[in-house]
Amino acid sequence: MITKKLEAAINDQITAEFWSSNLYLQMAFYLEKEGWDGFAHWMYKQAEEEREHALDMAHYLIKRGGEAKVAMIDVVPSGWGSVLEVFEHVYQHECHVSELVNTVVDSAAAENDKATQDFFWKYVREQVEEEATAAGIVDRLKKAGENGLFYVDAQLAQR
Ligand code: MG
């Protein structure tokens with residue numbers, strides 16, 4: 001059985017994952033409207049992935065005897081100026097999510113809940129990939145410049 005304190009920390013993370021999903025959905029809408037089908041496709045997948053994280057955490061919480069909550073999700077930003085700006089935002093946001101995930105591991109350690117620490121280590125490791133992937137796309141976009149955007153767009157359509 002999970003402690004109430006840890007249940008609250010996991011529910012906060014579930015809310016954060018839904019918020020991330022909405023942020024990426026909003027980015028996908030922007031990219032689609034701008035005619036970047038490949039970037040939009042990548043971003044729709046990213047939004048789906050964040051929703052899956054939220055559900056995975058909820059399933060875990062329920063399995064441990066806790067109660068998963070769908071809280072109110074704050075409005076997400078919109079209106080970016082360029083594709084590069086969007087992906088720089090993705091990178092910044094993933095760095096922020098890494099900090100949030102680390103906080104959950106810290107909370108689990110404080111409660112001496114080893115199963116929850118173990119469960120969230122998976123996300124600590126995954127955040128390394130998320131940050132690296134976003135940084136890699138930012139780098140590619142910078143190298144590609146305006147004229148190479150179509151090429152990167154086609155690459156990201158492959159996701
Ligand atoms: Mg996530």
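Kirkwood hydrodynamic radius, region 58-133, all distinct C-alpha pairs: what's the number in Å? Taking every pair of different Cα atoms in region 58-133, averaging 1/r and inverting gives 14.5 Å.
Selection among Thr103, Ala58, Phe150 by position relative to the dipole of the chain gives Ala58 as farthest towards the positive end (Cβ unit charges, Cα centre). Treating each Cα of region 4-156 as one equal point scatterer and applying the Debye formula with no solvent, the log10 of I(q)/I(0) at q = 0.14 Å⁻¹ comes out as -0.70. Considering only Asn147, Asn112, Asn11, the Gaussian network model of the chain with Cα springs below 10 Å gives its largest mean-square fluctuation to Asn147.
In the chain, the DSSP-assigned H stretches of four residues or longer account for a calculated mean residue ellipticity at 222 nm of -27500 deg cm²/dmol, using -39500 (n - 2.57) per stretch and the full residue count as denominator. The mean accessible area for residues of the chain, using a 1.4 Å probe and ignoring ligands and nucleic acids, is 54 Å² per residue. Counting Lys and Arg as +1 and Asp and Glu as -1 over every other residue whose Cβ lies under 10 Å from the Cβ of Leu31, the net charge comes to -3.
Can you give the local net charge around Gly65? Use residues other than it whose beta-carbon is closer than 13 angstrom to its beta-carbon, Lys and Arg +1, Asp and Glu -1. Around Gly65, the charge tally is 0. The relative contact order of region 1-156 comes to 28 percent, based on Cα pairs under 8 Å that sit 6 or more residues apart.
Charge tally for Val105 (other residues, Cβ to Cβ under 13 Å; Lys, Arg +1; Asp, Glu -1): -3.
Pairs exceeding 31 Å between alpha-carbon atoms, taken from Lys33/Lys122; Lys45/Lys143; Lys69/Lys142; Lys114/Lys142: Lys33/Lys122; Lys69/Lys142; Lys114/Lys142. Fully extending the segment from Ala157 to Lys63, taken as 0.36 nm per residue of separation minus the present Cα-Cα distance, adds 30.2 nm. Does a label point 7 Å from the Cα of Gln92, set along Cα-to-beta-carbon, have any residues of region 117-158 with amide nitrogen under 19 Å, and which are they? Correct set: 130-142. Which one of Val70, Ile2, Tyr30 is farthest out on the positive end of the charge dipole of region 1-85, using unit charges on Cβ (Lys, Arg +1; Asp, Glu -1) and the Cα centre as origin? Most positive-ward Cα: Ile2. Carbon-plus-sulfur accessible fraction, region 4-156 (probe radius 1.4 Å, protein heavy atoms only): 54%.
The values are calculated or read from the model by the stated rules, or taken from the named source; none is laboratory data. Note that the structure is predicted; figures quoted are calculated from it, not measured. Don't worry about glycine lacking a Cβ; one is built from the backbone with ideal geometry, like all the others, and counts go over all protein chains shown. Note: accessible area is taken over every heavy atom of the protein model, side chains too, but ligands, DNA and RNA are not part of it. Shrake-Rupley method; radii C 1.70, N 1.55, O 1.52, S 1.80 Å.
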